[in-house]
Amino acid sequence: MQSVRLTIPTTPDRVFSVLADGWAYASWVVGASHIRDVDAGFPAVGTRIHHSVGGWPAMVKDDSEVLEIEPDRKLVLKVKVWPLFAGIVKVELKPDGDGTIATMSEEFVDGPGKFLPEPLIGPLLKARNRESLQRLSARALNDDRYAAGGSRGK
């Protein structure tokens, strides 16, 4: 499992507000290019974000399902780019003074991607997830919809 960390200079609840907004998914997840739909009740366990991955003309329509949630602390998703791979992505948030330590972990659990050697896939996952955390940080810091008392939205 590959993990990366980033300290985000805002509160865990503000960062989690971005995670809990399924419509914001493509704005911070590297590779997600379009959100087609978000299940009612997201991010409850079992709900999904229906998204596209990649760019035209090679877009793959798939979804990500919530496996576990602890509000303001953790979101675990089963992500897919089928038929290439399915993986488990865990985003954990820990208070750190006035900020948040965000940790993102990912591992492939199904499909041909599961058999890629760690020395090959590890650096790619780390780079992608590092960029995803940086985008998550930017979204949490710069979008007033996620400020305390603000509303989540499309």
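The values are calculated or read from the model by the stated rules, or taken from the named source; none is laboratory data. Because the structure is a prediction, the values reported are computed rather than measured. A quick note on method: Cβ atoms are made from the backbone with ideal geometry, for glycine too, and the neighbour counts reach across all protein chains shown.
Some values worked out for this structure:
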quantity: Subset of region 1-25 (residues that are of a type in the set (A, V, I, L, M, F, W, C) and at pLDDT 95 or above); calculated: V4, L6, I8, V15, F16, V18, L19, A20, W23, A24
quantity: Filter result for the condition that a residue is more than 16 Å from P12 (Cα to Cα) and in contact with a Leu (Cβ under 9 Å, 6 or more places away or on another chain), over I35, I88; calculated: I88
quantity: Residues satisfying the stated conditions in region 11-40, i.e. among the charged types (D, E, K, R) and without any contact (Cβ under 8 Å) to a residue 60 or more places away in the chain; calculated: R36, D37, D39
quantity: Tally, over region 93-135, of residues that are among the hydroxyl-bearing types (S, T, Y) and either closer than 21 Å to A26 by Cβ or free of Cβ contacts under 8 Å to residues at least 12 places away in the same chain (or both); calculated: 2
quantity: Verdict on A102 being modelled with pLDDT under 95 and touching an Asp or Glu at 6+ places or on another chain (Cβ under 9 Å); calculated: no
quantity: Top-ranked residue in region 63-86 [being touching a strand residue (DSSP E or B) at 6+ places or on another chain (Cβ under 6 Å) and at pLDDT below 90; ranked as surrounded by the fewest Cβ atoms within 10 Å (Cβ to Cβ)]; calculated: W82
quantity: Failed criterion for P43 (all others in (1) in a loop (DSSP other than H, G, I, E, B); (2) over 27 Å from G99 (Cα atoms); (3) in contact (Cβ under 8 Å) with a residue 24 or more places away in the chain hold); calculated: (2)
quantity: Subset of region 6-23 (residues that are of a type outside the set (A, V, I, L, M) and in a helix (DSSP H, G or I)); calculated: P12, D13, R14, F16, S17, G22, W23
